[in-house]
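Let me begin by presenting the structure, written as structure tokens, before commenting on it.
The values are calculated or read from the model by the stated rules, or taken from the named source; none is laboratory data. Keep in mind that what you see is a predicted model, and the values were worked out from it rather than measured. Here the Cβ is made from the backbone with ideal geometry for all residues, glycine too, and neighbour counts use every protein chain on show. The accessibility values were calculated without ligands, DNA or RNA, using every heavy atom of the protein model including side chains. Shrake-Rupley method; radii C 1.70, N 1.55, O 1.52, S 1.80 Å.
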Amino acid sequence: MLVNSSLESGPRRYNMNINKLWEQLLQRDEHIWLEVKLGNEIGNSVMQTVCAYANTIGLGGGYLLLGIKEDKNASPKYTVVGVGNPDKLQSDLATQCSSKFNEIIRPNIQSGILEGKTVVCVHVPEAEARLKPIFMKKQGLDKGTYIRVGPTDQVCTPDDLAQLFQLRNIRPYDETVLPQTSVSDINPNALNEYRKLRAKKHPNASELRYNDEELLDALHCIEKVDGISRPTIAGLLLFGNENVLRRYFSMMRFDYVRVKGRDWGGEMDDTYYSIELREALLTLLPKAEAAIMDSMEREFSFPKGSLTREEKPAIPYDAIREVLVNAVMHRDYQVAGPTLVVRFTDRIEFHNPGYSLKPIDRIGTPGSQSRNQTIASVLHETEYAENKGSGIAKVQKRMQEAQLPPPHFMSSKTDNTFVATLSLHQLMDEAALAWLNQFNRFGLSGEEARTLVFARNTGSVSNEECRKLTGYDTPKASNLLTKLRGCGILEQHSHGSGTYYTLSSSCLEKEPKTGLDTQIRVQDIQIETENKSELDLVTQLRTQDTQIESERDRILSLLPDSLQDEIQNLGQRITPEKREELIFKVCKVCPFTATEISFLFRKTRTWAKNCLRELVNAERVFLTIPDKPNSRNQAYYVPRSDGQRNISEWK
């Protein structure tokens, strides 16, 4: 049953070249990794071959060509007849591969033209050892498990099944011992970092009393080979020095890239700058966190009763840390490629090799499946990683508390990649509130409004995404989406578990002009003018912050002490009534511009202009230049007595 992977028999890297497969068929006939079918329908014969390709050890998968007729008495033996409905055939195959087996199989499918007729080519990858045996649920394990024997599909014998089950117990990749390594390849600073973090979590942990080699052994990071202690892959990744990491894992570094704008094609030009780190995970993680957080915009406030300024990053620190640790802990270290974090104007993306072992719709639910058990264990012990799969749930909670959209996850088993995206823009910002005004007649709840804004920002919303936004269960989220569809705001697409909703075209046409695009353009310009040096970037941000705070102090000095105290003690969330009252009091002291109001309340200029516009419409505040409402010198004031409307009468 075991196939020698050194032979050409196993297509280790699949190549969906239909013409070359056809040539192979004519030259070699059907063989262990190439099968043809007539392809009138997706029946048991096709599914048995899919099952066999997924199970056969070391084969690497195999190919099916659909639309080929076999006649053993004819010459040539094979004839291209084509398939009648290739789209339906591909859809049926994908559906059955996801429903008929005990584990979901994701084949690569494409159609093409061969001798003027449409044929369908299917590549079925070999399943991971931990998932085998793959069997057809209706027939059961004993009768529904197939392997390839030559060009045929054969039901597994008890011995075959025993071998497949035995593979599940093979040690994880990160416990592999590498030759020509020794404990001298361990970085003492990384071990000291572990001791410090472990002592912080559990001061009396027994392993803290061990010497370095005993500690590495207790953590399953070294193993005796012929009496010599040699590090495992996990030991080197967690604690290895730079030389050994460069020798064995030269491409497995951490890259942080900051891009100007909201798109990046991967080109190395002046639209980005990057930081590269290659060192043991225990010392790399703090530096990676700092690289991301140092360039993060911050909001500033003075908590009530405190004279110390409080800084809040645009994305909560806990959320950044959890997603970063998740990327290095669960990535596939058999793939030679970096863990990549890309910072755009509006979001941060975390890319790592290795698809999610947990189904994408269950990410954030209790329970965890770890690709690298030793690495995960050590990171848990140092409090870098949450226990029992609760890390992503924590990210979702922190993003919701910050009024940011929920994190977005994308996993591809075909490409063996995973991407987590965190948005930098609050879900319910001024632009979103202005856009929601068109739905006032429907009396939307807060949950309904958040769902619509999410659909507007991302292009669609599903029941799962609605549940994450609102905290609702599945039936309640379905009722919310059904109501919005009944109002003509959302349109439904597909059915069943794949259902999603988009905004109706009429809602998209009513997109109001707001200051959001202007703000994004300003952010783009700021990124364009900043130096590539991280130090220069931090210096610019601090300089800008100092200038704003200096101007704010000047404005505050113009106000009565009682009003200064009231503004200083404001929290992050201001009710509309409180907001209007405070701006009214400020403008009653003397005229102020929208920019000055934004500095005073530590908000955007768009926020200040919207607030002032409401007060002007209510005739509580007036323009200093009424005939030029958009003048750059425009300021706002409160009349000192009833009937006063001209700024010349104010003094």
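Against the test of being among the hydrophobic types (A, V, I, L, M, F, W, C), touching a Gly at 6+ places or on another chain (Cβ under 6 Å), open to solvent by less than 80 Å² (accessible area, probe 1.4 Å) and within 18 Å of SER377 (Cβ to Cβ), the options ILE222, ILE186 yield a single qualifying residue, ILE222. Does VAL81 satisfy being open to solvent by 40 Å² or more (accessible area, probe 1.4 Å) and either free of Cβ contacts under 8 Å to residues at least 60 places away in the same chain or in contact with a strand residue (DSSP E or B) (Cβ under 9 Å, 6 or more places away or on another chain) (or both)? Judged against the criteria, VAL81 is a match. Quick check on the range 345-356. Is at least one of its residues without any contact (Cβ under 8 Å) to a residue 24 or more places away in the chain and either aliphatic (A, V, I, L, M) or assigned to a helix (DSSP H, G or I) (or both)? Scanning the range 345-356, I find no residue that is without any contact (Cβ under 8 Å) to a residue 24 or more places away in the chain and either aliphatic (A, V, I, L, M) or assigned to a helix (DSSP H, G or I) (or both), so the answer is no.
Being surrounded by fewer than 18 Cβ atoms within 10 Å (Cβ to Cβ) and aliphatic (A, V, I, L, M) is true of ALA618. Residues in the range 35-66 that are closer than 17 Å to VAL80 by Cβ, in contact with a helix residue (DSSP H, G or I) (Cβ under 8 Å, 6 or more places away or on another chain) and free of Cβ contacts under 8 Å to residues at least 60 places away in the same chain: VAL36, LYS37, LEU65, LEU66. Checking the structure you have, find out if any residue of the range 569-576 is open to solvent by 50 Å² or more (accessible area, probe 1.4 Å), assigned to a helix (DSSP H, G or I) and of a type in the set (Lys, Arg). No, the range 569-576 contains no residue that is open to solvent by 50 Å² or more (accessible area, probe 1.4 Å), assigned to a helix (DSSP H, G or I) and of a type in the set (Lys, Arg).
For the range 11-34, taking the residues that are exposed (fewer than 13 other Cβ atoms within 10 Å of the Cβ) and not in a helix (DSSP H, G or I), the one that is modelled with the highest pLDDT is identified as ASN17.
Looking at the structure I just gave you, is SER45 among the small types (Gly, Ala, Ser) and modelled with pLDDT under 90? No, not satisfied. Here SER229 meets each of (1) within 15 Å of ASP185 (Cα to Cα); (2) open to solvent by 30 Å² or more (accessible area, probe 1.4 Å); (3) of a type in the set (Ser, Thr, Tyr); (4) without any contact (Cβ under 8 Å) to a residue 60 or more places away in the chain with one exception, condition (2). Pairs are defined by a Cβ separation below 8 Å, a sequence spacing of at least 6 or placement on different chains, a first member in the range 463-482 that is closer than 20 Å to LEU404 by Cα and in contact (Cβ under 8 Å) with a residue 40 or more places away in the chain, and a second member that is acidic (Asp, Glu) and in a helix (DSSP H, G or I); the pairs so defined are GLU464/ASP361; LEU469/GLU447. For first residues located in the range 593-614 and open to solvent by less than 40 Å² (accessible area, probe 1.4 Å) and modelled with pLDDT under 80, partners that are assigned to a helix (DSSP H, G or I) and of a type in the set (A, V, I, L, M, F, W, C) and lie 6+ apart or on another chain with Cβ distances below 8 Å form the pairs THR606/ALA431; THR606/LEU516; TRP607/PHE601.
Could you check the range 189-220 and list, in sequence order, the residues that are in contact with a strand residue (DSSP E or B) (Cβ under 9 Å, 6 or more places away or on another chain) and not in a loop (DSSP other than H, G, I, E, B)? Don't jump to the end; show me each part of the working.
Keep residues of the range 189-220 that are in contact with a strand residue (DSSP E or B) (Cβ under 9 Å, 6 or more places away or on another chain), which gives 190, 212-213, 216-217, 220.
If the condition is that a residue be in contact with a strand residue (DSSP E or B) (Cβ under 9 Å, 6 or more places away or on another chain) and not in a loop (DSSP other than H, G, I, E, B), then ALA190, ASP212, GLU213, LEU216, ASP217 are the ones that fit.
Each residue in the range 105-141 was checked for being assigned to a loop (DSSP other than H, G, I, E, B), within 26 Å of PHE165 (Cα to Cα) and touching a residue at least 24 places away in the same chain (Cβ under 8 Å), and 11 of them qualify. The residue of the range 330-364 that is surrounded by the fewest Cβ atoms within 10 Å (Cβ to Cβ), among those that are farther than 14 Å from PRO407 by Cβ and polar (S, T, N, Q), is GLN334.
Listed here are the residues, each with its yes/no results for (1) open to solvent by less than 40 Å² (accessible area, probe 1.4 Å); (2) at pLDDT below 85.
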residue	(1), (2)
LEU236	yes, no
ARG247	no, no
GLY261	yes, yes
SER274	no, yes
LEU285	yes, no
ALA291	yes, no
ARG309	no, yes
LYS312	no, yes
ASP318	no, no
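Scoring SER111 on the criteria (1) open to solvent by 40 Å² or more (accessible area, probe 1.4 Å); (2) touching a Cys at 6+ places or on another chain (Cβ under 8 Å); (3) farther than 30 Å from SER356 by Cβ leaves a single failure, condition (3).
Is at least one residue of the range 161-171 outside any helix (DSSP H, G or I), surrounded by fewer than 19 Cβ atoms within 10 Å (Cβ to Cβ) and in contact (Cβ under 8 Å) with a residue 60 or more places away in the chain? Within the range 161-171 (the criterion being outside any helix (DSSP H, G or I), surrounded by fewer than 19 Cβ atoms within 10 Å (Cβ to Cβ) and in contact (Cβ under 8 Å) with a residue 60 or more places away in the chain), the answer is no, since none of the residues qualifies. Among the residues of the range 48-73, those identified as among the polar types (S, T, N, Q) and open to solvent by 10 Å² or more (accessible area, probe 1.4 Å) are GLN48, ASN73.
Looking only at residues in the range 365-389 that are in a loop (DSSP other than H, G, I, E, B) and surrounded by fewer than 17 Cβ atoms within 10 Å (Cβ to Cβ), the one that is modelled with the lowest pLDDT is LYS388.
Give GLN154, GLN96 a once-over and let me know the one that is assigned to a helix (DSSP H, G or I) and closer than 25 Å to LEU25 by Cβ.
Answer to the selection: GLN96.
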